[in-house]
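**Q** Take a look at the following structure, please.
The values are calculated or read from the model by the stated rules, or taken from the named source; none is laboratory data. Keep in mind that this is a model prediction, so the values were computed, not measured. So basically every Cβ, Gly included, is an ideal-geometry build from the backbone, and we count neighbours across all protein chains shown. Note: areas computed on protein heavy atoms with side chains; ligands, DNA, RNA excluded. Shrake-Rupley method; radii C 1.70, N 1.55, O 1.52, S 1.80 Å.
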Amino acid sequence: MHLASNIRKCTLLVLFSTLTSLSSSAAEDNNDSTSRTCVGLKNEDGTLHGNMILINGRIHTMDSTSKTSSVVAIKGGRVIYVGDYEEDARQYFDDSPTYLDLKGHVAIPGLIDCHNHIVLMGNRPGYHTPLENAYSIADVQSTYKARASTIPRGSFITTIGGFHPNHFSDGRLPTLAELDLALPEHPVFVSYGFNGPSATNSLGKLFFETSEQPVTVAENGSIASGQETGKSLLALRKQLTFEDRKRGVLDAMAYAASLGVTTHLDQGAFPATGTPEDGAASEDLYAMHLPWLSVYDDNLGIIRLRINFLHMDDTIDIPTIQQRLFNTFKFFGNDMIRTGSIGEFITTNYTGGPVFEEAASRIAGAGWRLEVHSLTATDFQSQTQAFEAVDANRSITNLRWVVAHVPQITGEYLSRLKKLGAGVNLSSYQYLAGIGPRAGPPFRDIVDSGIPAGIGADGMQIAPMNPWVHAYYATTGKNALGQQINAGQQITRKEMLYLYTRANQWFLGGPDEHLLGAIEVGRLGDIVVLNDDYFAVADEDLKTLRSILTVVGGVVVHNSGDLHASCK
């Protein structure tokens, strides 16, 4: 993987025009001439280097002392002042920085998601529209109507993964008639999980039934899981152009910024076959990053992307991993986009065995990080045993290997992983469809164990990307139906925020180790201003938290219109 060499210089006006196209809610602020003239940017290498002073906030820095401040200054994209005195912050600037009055709102560091699939989200066919924030069929209809008002007539609207009907009070997918009511002029495809089931409206039904491999669509618009959903996805993907994918990348970035997630460690995809066997998580492993790289090369990147490389070798010579190790640099890139590690799969049999162990041994020999995932009560055992076997011949204690998700991990294996210098990242994916009494992961046990731990949402196939839904589950143990399914494993809101910020820098490693995850002098200026007080809202209201203003490198990349910039 490489970054294109000729990144064009982006003027301030072009940047604000771009952000307007990404988030219409920010239009008022971005069109403010004061905002355009007082922000200082240096963007020749694709990074964001703004000058800004934020005042009158309740800013939770997540530094080593958990300090709360009211004033933060950012210069050249990095934090230069954290305190409570505006005049002290102002002395660091010769010209006029942007001023943002937070009006008493709570602000936090830009969130880090150490395990998700945002690259897949950016490559979705159609105009992908998340439904993880919809709680009824009526909400789905409203979400789709709003989306339709911003895109060309006749364009396909899609929702592929990231939600479950349990999330809806109706407990089901919308029908053809309900989708027709919301989208009379747009075909739609809505599907959950890896392989459906799915649903469509009348225009979508016509498209799917007349596609190259006709799809069986019921009169109520339902499409069966498995082969029929696979044929639907294939038909949609055949319509994708490179420019469509770049537009999808911009949409994915804008959505992430609206949630307050500013850094993403992407975990790849399953290798695409170009057949109906491909599910929601399938893509071309050697082309899926190209539209993302192109967006960054165009100087339009507004979130930070870190890339893990998924492999599924099934022979002892592990050909694709060997070539990856020969031809890819670890931690290569800049502050906006950088390579990461190998994972979240290394072999087809992800649980262990001779091929798995050989792959892990070569990864260790090359000094790379490695990440695998655990979903059962036994897979983490064989994975840990394989790690131990590799470590017996070549130490991995400084490589920061990771086992992800770990819904059923035990105290014994947490101790064994900790001894290897390994860590675990945790997802609240059980929120959507999990059942009790101990659906996991054991948040409380993991935090108390002292093992390196962080939050990786695993969105957007079987889990939401929305961090506030994950915060709800981790702190309450309740699923989408309101049932207690993880009794005794709750953590505090402060602990959850720590896992989503400072703790997650461990999973990035490399040059990112001391640049992200906290608001401290010298770190990158990534700050999120919330619509409500994370520490005080009722449990159910956690799910409604959003960013009203997201700053990356001292540049506003999302603005709901609640706050406005000025110069002094």
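**Q** Filter segment 508-522 down to the residues that are closer than 23 Å to ALA107 by Cβ and part of a helix (DSSP H, G or I) and list them by number.
**A** LEU508, ASP512
**Q** Of the residues in segment 545-568, how many are surrounded by fewer than 24 Cβ atoms within 10 Å (Cβ to Cβ) and under 16 Å from LEU497 (Cα atoms)?
**A** Initially, segment 545-568 is screened for residues surrounded by fewer than 24 Cβ atoms within 10 Å (Cβ to Cβ), giving 545-546, 548, 560-568.
Checking which are under 16 Å from LEU497 (Cα atoms) leaves us with 545-546.
Matching residues across segment 545-568 total 2.
**Q** Please verify whether ARG124 is open to solvent by less than 30 Å² (accessible area, probe 1.4 Å), in contact with a helix residue (DSSP H, G or I) (Cβ under 9 Å, 6 or more places away or on another chain) and in a loop (DSSP other than H, G, I, E, B), treating the condition exactly as stated.
**A** yes
**Q** Sticking with this structure for a sec: Go through segment 504-522 and give me each residue that's open to solvent by less than 10 Å² (accessible area, probe 1.4 Å) and either without any contact (Cβ under 8 Å) to a residue 60 or more places away in the chain or of a type in the set (D, E, K, R) (or both).
**A** ASP512, the sole residue that qualifies.
**Q** Let me ask another. Might you check whether a residue that is part of a helix (DSSP H, G or I) and either out of contact with any Ser or Thr (no Cβ under 9 Å at 6 or more places or on another chain) or in contact (Cβ under 8 Å) with a residue 12 or more places away in the chain (or both) occurs anywhere in segment 451-465?
**A** No, there is no match, as no residue in segment 451-465 is part of a helix (DSSP H, G or I) and either out of contact with any Ser or Thr (no Cβ under 9 Å at 6 or more places or on another chain) or in contact (Cβ under 8 Å) with a residue 12 or more places away in the chain (or both).
**Q** For GLY411, indicate whether it is open to solvent by 10 Å² or more (accessible area, probe 1.4 Å) and either among the aromatic types (Phe, Trp, Tyr) or more than 20 Å from LEU111 (Cα to Cα) (or both).
**A** Criteria met by GLY411.
**Q** Return yes when ARG324 is closer than 17 Å to TRP401 by Cβ, among the basic types (Lys, Arg) and without any contact (Cβ under 8 Å) to a residue 24 or more places away in the chain and no when it is not.
**A** So ARG324 fits the description; yes.
**Q** Sort through ARG394, ARG416 and tell me the only one that's loosely packed, with under 14 Cβ neighbours inside 10 Å, at pLDDT 95 or above and more than 21 Å from ASN349 (Cα to Cα).
**A** Testing whether each residue is loosely packed, with under 14 Cβ neighbours inside 10 Å, at pLDDT 95 or above and more than 21 Å from ASN349 (Cα to Cα) leaves just ARG394.
**Q** Can you find a residue in segment 37-45 that is under 14 Å from VAL555 (Cβ atoms), among the β-branched types (Val, Ile, Thr) and either at pLDDT 90 or above or in a strand (DSSP E or B) (or both)?
**A** No, because not a single residue in segment 37-45 is under 14 Å from VAL555 (Cβ atoms), among the β-branched types (Val, Ile, Thr) and either at pLDDT 90 or above or in a strand (DSSP E or B) (or both).
**Q** Which of the following residues is open to solvent by less than 30 Å² (accessible area, probe 1.4 Å) and either under 12 Å from the mean Cα position of the chain (by Cα) or of a type in the set (D, E, K, R) (or both): ASP266, ASP244, ASP284, ASP298?
**A** Answer to the check: ASP266.
**Q** Check off (1) open to solvent by less than 10 Å² (accessible area, probe 1.4 Å); (2) in contact (Cβ under 8 Å) with a residue 40 or more places away in the chain for ILE223 and give me the number that stays unchecked.
**A** The one condition ILE223 does not meet is (2).
**Q** Would you mention how many residues in segment 61-80 are in a loop (DSSP other than H, G, I, E, B) and either touching a helix residue (DSSP H, G or I) at 6+ places or on another chain (Cβ under 7 Å) or open to solvent by 40 Å² or more (accessible area, probe 1.4 Å) (or both)?
**A** Going through segment 61-80 one residue at a time, the tally reaches 5.
**Q** Kindly provide the set of residues from segment 81-96 that are over 21 Å from LEU524 (Cβ atoms), modelled with pLDDT of 95 or more and assigned to a loop (DSSP other than H, G, I, E, B), ordered by number.
**A** Once the filter is applied, which keeps residues that are over 21 Å from LEU524 (Cβ atoms), modelled with pLDDT of 95 or more and assigned to a loop (DSSP other than H, G, I, E, B), segment 81-96 yields ASP84, TYR85, GLN91.
**Q** Take residues that are touching a Pro at 6+ places or on another chain (Cβ under 8 Å) and tell me which of the helices (runs of 4 or more DSSP H) falling wholly in segment 327-437 contain 3 or more.
**A** So the answer is 430-433.
**Q** Among the residues of segment 301-332, write down those that are under 26 Å from VAL555 (Cβ atoms) and either modelled with pLDDT under 95 or among the aromatic types (Phe, Trp, Tyr) (or both).
**A** PHE331, PHE332
**Q** Can you name the residue in segment 130-160 that is open to solvent by less than 10 Å² (accessible area, probe 1.4 Å) and either aromatic (Phe, Trp, Tyr) or touching a strand residue (DSSP E or B) at 6+ places or on another chain (Cβ under 7 Å) (or both) and, of all such residues, is farthest from GLY340 (Cα to Cα)? Before you say what the answer is, go through the steps one by one.
**A** To start, the set of residues in segment 130-160 that are open to solvent by less than 10 Å² (accessible area, probe 1.4 Å) comprises 131-132, 134, 137, 140, 144, 157-160.
Next cut, either aromatic (Phe, Trp, Tyr) or touching a strand residue (DSSP E or B) at 6+ places or on another chain (Cβ under 7 Å) (or both) only: 131, 144, 157-160.
Details: LEU131: 29, TYR144: 35, ILE157: 32, THR158: 30, THR159: 28, ILE160: 26 Å.
Step by step, filter segment 130-160, then rank; the result is TYR144.
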